[in-house]
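In what follows, a single structure is set out as structure tokens and then discussed.
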Amino acid sequence: MDHAADALRTDLMTITRYVLNEQSKHPESRGDFTILLSHIVLGCKFVCSSVNKAGLAKLIGLAGETNVQAKKEEPITWVVYSVGEEQKKLDVLSNDVFVKALVSSGRTCILVSEEDEEATFVEPALRGRYCVVFDPLDGSSNIDCGVSIGTIFGIYMVKDFTEPTLDQALQPGKNMVAAGYCMYGSSCTLVLSTGSGVNGFTLDPSLGEFILTHPDIKIPKKGKIYSVNEGNAKNWDGPTAKYVENCKFPKEGSSPKSLRYIGSMVADVHRTLLYGGIFLYPADKKSPSGKLRVLYEVFPMSFLMEQAGGQAFTGKERALDLVPKKIHERSPIFLGSYDDVEEIKALYAAEAKN
């Protein structure tokens, strides 16, 4: 028996094969979207490798002591060494990787990153028909303690990509053609929707390929978990406070929900997607507009939730109906199992009546 041939699995559904299969369903397609996704996948592989080396870099003295670009809300006091380049903070390195990967694809015209104050307009010779919004390393303040972090992205199609304008990036989330996230944790998992369901792929390090491991993810209609930062409870509005109280002290003798909160959006949403329940990041007195960014956090995660059979709500409307006015605009968000989000919607509706 040929063990080498036996070891080469040809029945595995890789992400490349999956995307090509999806492309074949659209005879009019030109392969642009497939090329763009392959560059995003390449960026995810590179960042995964860098994240895995980050602890070692610190251990052997390659990490620096200060971070000149630290944000107030995410204090990171170390950098990681990039071979052939100067030392860089890991989230800055991740941003560079994705910007270069997306521009070099030749399929993008506008890039909006959490790391950059302004949108990036691709030079005319490399422009394509897509706008990509992304958070290159969400939850990066958790790197040092080994908590799962990730990359979040959303893709729009732009009508006139020869002369792109910022307005073309400020579209409602329902206009997205695809969204996903890549989680760097005990394994590297990429969750993707191209508008026809949600699929999860896990990186096989021995092959260097993402393999389909979670086909057609469907979130349970009702969950047993709620996920929220209860440290902000004193600043919550009435409906949020009432909902969390109902989770803890349910009526009619039903069991209370379990609280699970990691503080890394990718990890919290991933668990919610697989196990059901609700993820809440409400507005409060300290942050009346919420804290999560609409374009590259709220929209992609809401898109995935709806594609998996769940809901996403801002406290006023369906999240994907929002029309952002600024690229770094923020919003409250409640997303997860359909019935659980219905409960919080009912509480906001009752308050509006009163």
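The values are calculated or read from the model by the stated rules, or taken from the named source; none is laboratory data. Only a predicted model underlies this, so the values are computations on that prediction, with no experimental measurement involved. Neighbour counts are summed over all protein chains in view; Cβ atoms, including those assigned to glycine, are modelled from backbone coordinates with ideal geometry. Only protein heavy atoms, including side chains, enter the accessible area calculation; ligands, DNA and RNA are left aside. Shrake-Rupley method; radii C 1.70, N 1.55, O 1.52, S 1.80 Å.
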Residue match in the range 262-283 (condition: within 19 Å of VAL133 (Cα to Cα), part of a strand (DSSP E or B) and touching an Asp or Glu at 6+ places or on another chain (Cβ under 9 Å)): no
One residue is enough: does the range 222-243 have a residue meeting the conditions in contact with a Cys (Cβ under 6 Å, 6 or more places away or on another chain) and not in a loop (DSSP other than H, G, I, E, B)? yes
So in the range 92-113, with the set limited to residues that are in contact with a helix residue (DSSP H, G or I) (Cβ under 6 Å, 6 or more places away or on another chain) and not aliphatic (A, V, I, L, M), which one is most open to solvent (accessible area, probe 1.4 Å)? ARG107
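Please specify each residue of the range 311-354 satisfying the condition of being in a loop (DSSP other than H, G, I, E, B) and either open to solvent by less than 10 Å² (accessible area, probe 1.4 Å) or farther than 29 Å from ALA169 by Cα (or both). Steps first, please.
So the first thing to find is which residues in the range 311-354 are in a loop (DSSP other than H, G, I, E, B), and the list is 314-317, 322-329, 332, 337, 354.
Listed by number, the residues that qualify are PRO324, SER337, ASN354.
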Tell me the residue from GLY150, GLY173, GLY139, GLY197 that is within 18 Å of MET301 (Cβ to Cβ) and surrounded by fewer than 17 Cβ atoms within 10 Å (Cβ to Cβ), please. GLY197
Sort through ASP167, ASP144 and tell me the only one that's touching a residue at least 12 places away in the same chain (Cβ under 8 Å), farther than 19 Å from ILE40 by Cβ, among the acidic types (Asp, Glu) and surrounded by fewer than 18 Cβ atoms within 10 Å (Cβ to Cβ). ASP144
